[in-house]
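The values are calculated or read from the model by the stated rules, or taken from the named source; none is laboratory data. It should be emphasised that the depicted structure is a prediction, and the values quoted were computed from it without experimental measurement. So basically every Cβ, Gly included, is an ideal-geometry build from the backbone, and we count neighbours across all protein chains shown.
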Amino acid sequence: MALEQRTLIRPVELRATDKGPIAGGYAALFNSEADIGGHFREIIAPGSFAEAVKGDVLALYDHDMGRVLGRSSAGTLRMSEDATGLAVEIDLPDTSDGRDLAILMERGDISGMSFGFSVTKETWDETTNPPLRTIQAVDLIEVSAVARPAYPDTSIAMRSLDGVRQIARSRNFNAAATRVGMKVSIDLRIRGLMSKA
């Protein structure tokens, strides 16, 4: 399964406790439509994190596996799924990354949260343009405090869409999907060549 990342532009908060600073916010919102690079739209359905929050998940600084801020199995990361989405609390460590993050959050330089995941259950509605993907369940790998609220690395998600389209083509559901898939593939190749130039 491909690892995907999504970033949410929503305020994160920092509060002081006797244990040290705690960063909290939402890493994902339910039923909030996102444009994934103009190639497809995506929403996360309630219940998508119900099982995932029970696993061992890392809290990272900007998706960097070398910059761990907390971990659910250690009790320094707490997650829950509520009516809004994936709520997260991180006990920031007394490390350079933990202290830096607290200062950057106080200044407003770090203002977003994100999550890294693999989709385990999804549906696609290709009757709309662009298609709509509904995520129904995920394996949650990590949550991150991020500096740049954007939707990074949609090329991984594009591979998921291409896989769905290949299945549809093999069943002869939609000839138009073939043309769209070819256009996306050509666009991605052109972008790849342009970025190397």
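Taking the residues in region 78-96 that are among the charged types (D, E, K, R) and part of a strand (DSSP E or B) as candidates, determine which candidate is farthest from the chain's Cα centre (by Cα).
Applying the filter and picking the extreme gives Asp91.
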- Query: Can you tell me which residues in region 97-129 are surrounded by fewer than 17 Cβ atoms within 10 Å (Cβ to Cβ) and not in a strand (DSSP E or B)?
  - Reply: Arg99, Asp100, Ile103, Leu104, Glu106, Arg107, Gly108, Asp109, Thr127, Thr128, Asn129
- Among the candidates Thr84, Thr76, Thr95, single out the residue that is touching an Asp or Glu at 6+ places or on another chain (Cβ under 6 Å) and not hydrophobic (A, V, I, L, M, F, W, C). Thr76
- Query: Does Glu89 satisfy the criteria of being touching a Gly at 6+ places or on another chain (Cβ under 6 Å) and either on the phi > 0 side of the Ramachandran plot or in contact (Cβ under 8 Å) with a residue 24 or more places away in the chain (or both)?
  - Reply: yes
- Item | Residues that are surrounded by fewer than 19 Cβ atoms within 10 Å (Cβ to Cβ) and in a strand (DSSP E or B), drawn from region 59-77 | Asp64, Met65, Gly66, Arg71
- Query: Counting only residues that are among the small types (Gly, Ala, Ser) and more than 11 Å from Leu140 (Cα to Cα), which one in region 31-58 is surrounded by the most Cβ atoms within 10 Å (Cβ to Cβ)?
  - Reply: Ala34
- Of all residues in region 33-58, which are assigned to a strand (DSSP E or B), modelled with pLDDT under 95 and in contact with a helix residue (DSSP H, G or I) (Cβ under 9 Å, 6 or more places away or on another chain)? Ile36, Phe40, Glu42
- Look through Ser114, Ser160, Ser96 and report the one residue that is modelled with pLDDT of 55 or more, among the polar types (S, T, N, Q) and closer than 30 Å to Lys54 by Cβ. Ser114
